[in-house]
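Scroll down for the structure; my scribbles are underneath it.
Any read-out appearing in this document is the output of simple, stated calculations on the displayed coordinates, not a laboratory observation. What you see is a predicted model, and the numbers here were worked out from it, not measured in a lab. Methodologically, a virtual Cβ is constructed for each residue, glycine included, from the backbone with ideal geometry; neighbour enumeration extends over all protein chains shown.
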Amino acid sequence: MPARPRTLLLVHTSLRVALLLDELARPRLRRGERILHVVISQALEDLVARGSLGSASRRQIREALAGARELGAGAVVVSCSSVPLRALALCSVPAIRLDQPMAAEAVRLGKRIGLFATLASTLKPSAELLRRVGRELALHPVIRPVICQATPAGLRRAIRASADRLDVAVCAQASMHPLAEAVRKHFRVPILSSPVSGLAAGLSLLRRDE
């Protein structure tokens, strides 16, 4: 039997996120494993300009997922939370969205979830994921969506305004990971971001059956 591919493919809509995840992923790789990035920058432009993915961006994402095996990937992680979960079914190898493990952790931590984003288009798909996970766990999260500035001070102000009404704060975008790291020490409420748990889940997929 041929050896299983040991490449984790990361599909992004932002070069900034690709660089962030590359930095986080490389120390976690085992010998013989590698990561490969595909960045579909038009998708982020669509999200900023129109609040949704355009047809060209959707096609490029579908092509990246369907062609993952041809690229030598053994597993795929999609870092953009605006890519619908149903798109993962198109992938030629096992795939997850980066924020899925974070969503599961958030729902388990408490019912009152603050969902923080710097881009409004992220709120709907992220809230849908939290509700979907809640249904799977027979839980009923109450989600409070909040738009904040893309700075540590902006996130800190947004969380402070509602911290006494939250069980957990969720950063909807992978790009907010540095912000979460910067403000976490100021609050007792857990503040979650997706990159670390999402990468761990992706590597677990890559190492399945070991």
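Table for the structure above
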item	result
Protection-proxy order for peptides 88-97, 107-116, each taking the mean of Cβ atoms within 10 Å per residue, highest first	107-116, 88-97
Quarter of the Cα convex hull surface for the stretch 100-193, i.e. its orientation-mean projected area (nm²)	5.0
Residues whose placed amide H lies under 5 Å from that of Arg144, excluding near-sequence neighbours	Ile113, Gly114, Leu115
Peptide ranges 198-205, 8-15 listed from the most packed, as the mean C-beta count within 10 angstrom indicates	8-15, 198-205
Whole-number percent relative contact order across the stretch 101-210, with pairs defined as alpha carbons under 8 Å at least 6 apart	31
Modelled label reach - Ala138, point 7 Å along Cα→Cβ, the stretch 102-116 residues with backbone N closer than 20 Å	104-112
Cβ-Cβ FRET estimate between Ser162 and Glu210, R0 fixed at 41 Å, reported to 0.05	0.45
Under 18 Å from the Gln149 label point (7 Å along Cα→beta-carbon), backbone N, the stretch 104-142	116-120
Estimated translational D of the chain in µm²/s (Stokes, Kirkwood radius over Cα pairs; 4 °C; 1.567 mPa s)	74
